[in-house]
Ligand code: ADP
Ligand code: ADP
């Protein structure tokens, strides 16, 4: 599962000011699409439509052929995992933060997710400083490490769809590069929507759309878009 279809989607927060104007985007199950474009173009709004934070004003939006309006919030949340720009963590261990929302996870599953996201060595650390093994002088997690915790949480949840909403935008270039492997691992076998403002941060997408003022102004692959400049 995990096919997404935006058909002529219109949306406005304020009726006087359309944000998405006839957006068409079709993502077959297991395919990877990236949405790039300047700040304010409407990229994050696409995620909000999927979660029905707001309802679309026109057109249709389906997941696996089903109108999102006919899908419960619980089902939507099970179907879509989000890695946002800043993963907000509870003041509890990394382990707790990874397992949060999945009460039935086994220790083995939690460890496997932590390993895959390469945050395993910090599993008993607290995000903001205290380490239950090392004591008060334990490590503080960096922004990149916090993102890895978010990635591990998503891996554990195992959703068919992954929404990376500016997941690396708050990181410096080197950290961004370091984390791309974990993001790629998280996307394996899933439908992935990557939202980014720079094309350079997209490495593996079957299709990239460039959004500007709520319109798709370009569509292509990394190579065809780079060739156009
Ligand atoms: P992007 O992710 O491409 O930066 P967004 O989808 O967040 O853009 O926002 C698109 C436009 O919608 C922006 O002009 C933004 O100011 C506006 N906007 C976003 N959220 C709201 C809101 N809750 N109410 C009104 N306007 C909003
Ligand atoms: P959960 O299943 O624990 O709710 P999700 O991965 O579904 O976890 O979502 C994490 C949180 O991010 C949820 O509260 C969700 O509503 C919120 N969220 C959904 N879409 C976005 C988005 N585009 N940007 C930021 N946060 C979002």
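Computed from the coordinates by the stated procedures, all read-outs in this text should not be read as laboratory data. Given the structure is predicted, the values throughout are model-derived calculations rather than measurements. In this analysis, Cβ positions are derived from the backbone assuming ideal geometry, glycine residues included, and neighbour counts consider all displayed protein chains.
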* Fewest Cβ neighbours within 10 Å first, please rank 102, 116 accordingly. => 102, 116
* Using only Cα atoms, tell me the angle between helix 143-157 and the longest principal axis of the chain; keep it within 0 to 90° and round to the nearest 10. => 80
* Compute the distance in nm between two label points, each set 7 Å from the Cα along the Cα-to-Cβ direction, one at residue 108 and one at residue 227. => 4.8
* Hull volume in cubic angstrom per residue (convex hull over the Cα atoms of the stretch 6-120) -> 150
* To do: Once you have a ≥ b ≥ c as the square roots of the Cα gyration tensor eigenvalues for the stretch 175-214, tell me rounded if a/c is under 1.5, and otherwise prolate or oblate according to whether a/b is larger than b/c.
  => oblate
* Whole number please: convex hull volume per residue, Cα atoms of the chain, in Å³. => 123
* To do: Evaluate Rg over Rh across the stretch 158-229, taking Cα atoms for both radii and Kirkwood's formula for Rh.
  => 0.96
* **Kirkwood-based shape ratio for the stretch 1-42, expressed as Rg/Rh from alpha carbons** => 1.04
* Asked: Considering every pair of different Cα atoms, what Kirkwood radius, in Å, is found for the stretch 64-192?
  -> 15.1
* Ranked by how many other beta carbons lie within 10 Å on average, peptides 4-10, 30-36, 107-113 from highest -> 30-36, 4-10, 107-113
* Asked: Roughly how many nanometres apart are two label points built 7 Å out from the Cα toward the Cβ at residue 70 and residue 88?
  -> 3.4
* Structure fact -> Residue-normalised 222 nm signal for the chain, counting each DSSP H run of n ≥ 4 as -39,500 (n - 2.57), nearest 500 deg cm²/dmol, is -8500 deg cm²/dmol
